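Structure record follows, encoded as structure tokens.
The values are calculated or read from the model by the stated rules, or taken from the named source; none is laboratory data. Treat the numbers as computed from the prediction; the structure is a model and nothing was measured. Here Cβ is always computed from backbone atoms with ideal geometry, including for glycine, and neighbour counts include all displayed protein chains.
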Amino acid sequence: MSDASNPRPSLPPSADIIPFPARGTPAVQAEAAALVTALAEDPRDRLQRALAMLQQAQAEQRQALAKWRTALADLSTSVSGLTRSVHQYQHGLSEITPPPTP
């Protein structure tokens, strides 16, 4: 805003003004149409679809949990074997190491 005490010189525009498109791109229009269609469908169908997706996700989680438990059992077996090996090594060292002299 210019006032009378400090007049500013008028500058020519330094950028091209691009008008905002009246309609969205085809992708935006398709997304909007899909949303309208989804909202217009029977809520019971949407609920059935959501429940089916939830059941599928739960089945995948059960499989993942079973694999995790198997991996944990394998790790436990490996650690037990390692523990036995360390104890055997320690026992072997104690047999070959002379006792400390007082």
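Before moving on, here are some points about what is shown:
- Number of the condition not met by A50 [criteria: (1) surrounded by 10 or more Cβ atoms within 10 Å (Cβ to Cβ); (2) more than 30 Å from A38 (Cβ to Cβ); (3) at pLDDT below 95]: (2)
- The one condition in (1) surrounded by 10 or more Cβ atoms within 10 Å (Cβ to Cβ); (2) at pLDDT 80 or above that D42 fails to fulfil: (1)
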